[in-house]
Amino acid sequence: MPVSKVRRCAQLQLRVEQLKTLDFAALLSGKSAVIVRNVRLALAAHLDRAVEIDVAEMQVLTELDCETWSPCDALVAAHGAACIEGLLAKQLLLAENADSPAARRDRDLRASHWHGGAAIAHAHSRWSHNDSIAAQRESRLQSVDDMVEAFGPPPPHFHRREDAVARVALGEPARTSLDDLLERRATCRNFDLAQPISAAQLSALLKRVFGVHGMEELAPGAVALKKNHPSGGGLHPVEAYLVVQRVEGLVPGLYHYNVEAHALDLLRELSSGEAHAFAMTAVAGQEYFADAPVMLVMAARFARSMWKYRNHPKIYRAILLEMGHISQNLYLTATEMNLGAFITAAINEVEIEQAFGLEPMAEGPLCVCGFGARAKERVTVEFDPAHKVWSDA
Ligand SMILES: Cc1cc2nc3c(=O)[nH]c(=O)nc-3n(C[C@H](O)[C@H](O)[C@H](O)COP(=O)(O)O)c2cc1C
């Protein structure tokens, strides 16, 4: 289809990176073999990858309006066909009649209220087909010993201000049952493959961690939900998607927790093998987490928060913080049920989005939690220095 008018994409960041490569011919002849090269990169929120551009392309991008459509002929006359066609192929310039997924995402971004920096950070921190365990193995930085050897010790574990003007001693607080619960919380990396979650356990956990416990219409059409965690602006943008492997009465598959109905909506049934394979992909090869009978993907409906916090530099941070609160509620709820729980941000967002049918800039998965009965034996390390979970620790 001929291109008559084009415009620059909406959310764009230009960056210069210094690349070092090895010149093997120079190496063999005993000369300096490191080639240092500056690379110009375009990072756009409607694209999943940074794109290398040249000086001419960079100039066009810095000069072009991102809102007005410009006649393609005039741009070709001014900058040359190769430059404009290159930018169109890289989807940094978008044609008026383009209907690719990237062009659609660019159009959706224009109607959204993402802050530019946050949009780029979100779009470009997503993983696809990443195996974090293999990557760790290849990096040869597997143990803490390896890291100390490579980096030296980390910054001190306790932080003391040398400029403090006085110290006020705090008495030992009285213990309550909350202390016992908190002390039994430990990230679980050993799930019992033979032990399913009961329907009652799943229902209780979802209600407590993601469920609604009150609501009020604050203005026409603006309903505030009361949940068990704080939420930036009270907007509760976080959705729970489930990867079910072993829950009594549920077929393995992908579900959405319907908060309104306190029910699970099945999105796709999977065989047990498919569910486990997807769980492995979702948590980037962390098998000890993929063994959990239930995994919960937390995804943010950004538009809900950005309705109030338009183009706000901090709302993305607030959403991440909110997920931390939810995760701790999930850990404690699971602990109270004598179950183990985990959270990970090492996830393959792209495959999760595809599986659940999520548009990344509209409803983005940001972390995965899971829970289930602990195995009898601890194979993978857990941090339990006070022996609150494992008597053999
Ligand atoms: C945001 C976040 C991401 C985490 N990601 C991982 C992960 O990818 N893999 C993992 O084994 N543990 C992960 N953890 C768990 C930490 O390793 C764990 O909390 C820490 O070692 C302290 O142990 P504890 O939770 O048992 O007290 C994560 C924790 C948080 C808060």
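Values in this text are rule-based calculations from the coordinates and carry no lab data. For clarity, every value in this text was computed on a predicted model and none was experimentally measured. Because the Cβ atoms are built from the backbone with ideal geometry, glycine has one as well, and the counts that use them run over all protein chains shown.
Quick notes
- Amide proton proximity set for Leu267, modelled H, under 5 Å, gap of 5+: Leu254, Tyr255, His256
- Neighbourhood charge, 14 Å Cβ-Cβ cut-off, centred on Phe210 and excluding it, Lys, Arg +1 and Asp, Glu -1: +1
- Selection from Ala346, Val244, Ala135 lying farthest towards where the dipole of the chain points positive, charges on Cβ: Ala346
- In plain terms, the residue of Asp48, Asp163, Asp106, Asp180 with the fewest other Cβ atoms within 10 Å comes first and the most crowded comes last, giving Asp163, Asp180, Asp48, Asp106.
- Listed by Cβ neighbour count within 10 Å, with the fewest neighbours leading, Lys376, Lys226 appear as Lys376, Lys226.
- Short-range pairs are left out: with C-alpha atoms under 8 Å and at least six residues apart, the relative contact order of segment 1-136 is 34 percent.
- Remark on Thr187: its backbone amide H falls under 5 Å from those of Phe383, a criterion applied only to residues 5 or more positions apart or on other chains, H modelled at 1.01 Å from N.
- Taking other residues whose beta carbon is less than 15 angstrom from the beta carbon of Ser272, and scoring Lys, Arg as +1 and Asp, Glu as -1, yields -2.
- Leading residue at positive end of dipole, segment 303-393 (Cβ point charges), from Ile326, Asn311, Pro385: Asn311
- In terms of other Cβ atoms within 10 Å, Phe356, Phe371 run from fewest to most in the order Phe356, Phe371.
- Two-decimal ratio, the chain, of alpha-carbon radius of gyration to 2.2 N^0.38 Å: 1.18
- Applying both filters, DSSP loop and at most 12 other Cβ atoms within 10 Å, to the GluC sites (Glu not before Pro) of segment 1-73 gives Glu67.
- Per-pair calculated FRET efficiency, R0 = 56 Å: Glu63 and Met147 via Cβ, rounded to 0.05: 0.75
- Cα-centred dipole magnitude for the chain, charges only on beta-carbon of K, R (+1) and D, E (-1), debye, nearest 20: 740
- Cleavage-rule hits, trypsin sites (Lys or Arg not before Pro), segment 302-363, DSSP coil, Cβ neighbours within 10 Å at most 10: none
- Each 10 Å bin from zero holds the following percent of Cα-Cα pairs in segment 194-237: 25, 40, 22, 11, 2.
- Largest first, the three principal axis extents of the alpha carbons in segment 151-289 are 62, 50, 33 Å in whole numbers.
- In terms of its Cα atoms, segment 176-220 spans 49, 31, 17 Å along the principal axes, sorted from long to short.
- Counting only Cβ charges, +1 for Lys and Arg and -1 for Asp and Glu, the dipole size of segment 4-77 around its Cα centre is about 260 debye.
- Using a cut-off of 32 Å between Cα atoms, the listed pairs Lys207/Lys376; Lys20/Lys90; Lys227/Lys388 include none that exceed that distance.
- GNM top mover of Ala82, Ala292, Ala279 - the chain, alpha-carbon springs below 10 Å: Ala82
- Per-pair calculated FRET efficiency, R0 = 56 Å: Leu321 and Thr21 via Cβ, rounded to 0.05: 0.90
- Comparing mean-square fluctuations of Leu250, Leu332, Leu206 from a GNM of the chain with C-alpha springs under 10 Å, the top value falls on Leu250.
- Charge tally around Leu254: other residues with Cβ under 11 Å, Lys/Arg +1 each, Asp/Glu -1 each, net -2.
- Based on Cα contacts under 8 Å between residues 6+ apart, the chain shows a relative contact order of 18 percent.
- C-alpha center-to-center spacing [segment 234-312, segment 354-392] in angstrom: 13
- Rel. contact order, % - alpha carbon contacts under 8 angstrom, at least six apart, segment 180-328: 27
- Among Ala50, Ala261, Ala219: highest mean-square fluctuation, GNM of the chain, C-alpha pairs under 10 Å: Ala219
- Placing a pseudo-label 7 Å from each Cα along the Cα-to-Cβ vector at Asp180 and Val212 gives an inter-label distance of 3.6 nm.
- C-alpha center-to-center spacing [segment 119-191, segment 46-76] in angstrom: 42
- Kirkwood hydrodynamic radius (C-alpha pairs) into Stokes-Einstein, segment 329-368, 25 °C and 0.890 mPa s, D in µm²/s: 211
- Qualifying trypsin sites (Lys or Arg not before Pro) in segment 170-218, where qualification requires a DSSP coil assignment and no more than 12 other C-beta atoms within 10 Å, comprise Arg175.
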